[in-house]
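Inspection log for the structure reproduced underneath, given as structure tokens.
The values are calculated or read from the model by the stated rules, or taken from the named source; none is laboratory data. If you're wondering where the values come from, they're calculated on a predicted model, not measured in any experiment. All Cβ positions, glycine included, derive from the backbone under ideal geometry; neighbour counts span all protein chains shown.
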């Protein structure tokens, strides 16, 4: 009988092994997400030539972890600026599609404030966002 119990529990991983596997899976997902982020930023760039993009691609592809870290460290400021510009362009495009302008938003805010739906503080913060 003890042989049967030993045989069924021999292949069962411990809690520590399970948590270690979860950590490795999490790190793999984070690495894969960073890889996609780096490649997406790399191919959206217009400030470098095709040869420079190819060099970055090869560097990141050959030195997988080191390449991602080097790209993030050296290009982080440019990545943030490009993401901000892309966000603003998408926001402007959405405003054009919806047909509202900053003046329309301010008019709606004035109506909400007059109705008492928002406070003065909320009005000022939303007004500042609409003006930006």
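Descriptive notes on the structure:
- Every condition in (1) under 27 Å from the mean Cα position of the chain (by Cα); (2) in contact (Cβ under 8 Å) with a residue 24 or more places away in the chain holds for residue 106 except the one numbered (1).
- When residue 20 is tested against (1) exposed (fewer than 12 other Cβ atoms within 10 Å of the Cβ); (2) at pLDDT 95 or above, just one condition goes unmet, and that condition is (1).
- Every residue from the range 27-67 that is assigned to a loop (DSSP other than H, G, I, E, B), touching a residue at least 12 places away in the same chain (Cβ under 8 Å) and exposed (fewer than 15 other Cβ atoms within 10 Å of the Cβ): 47
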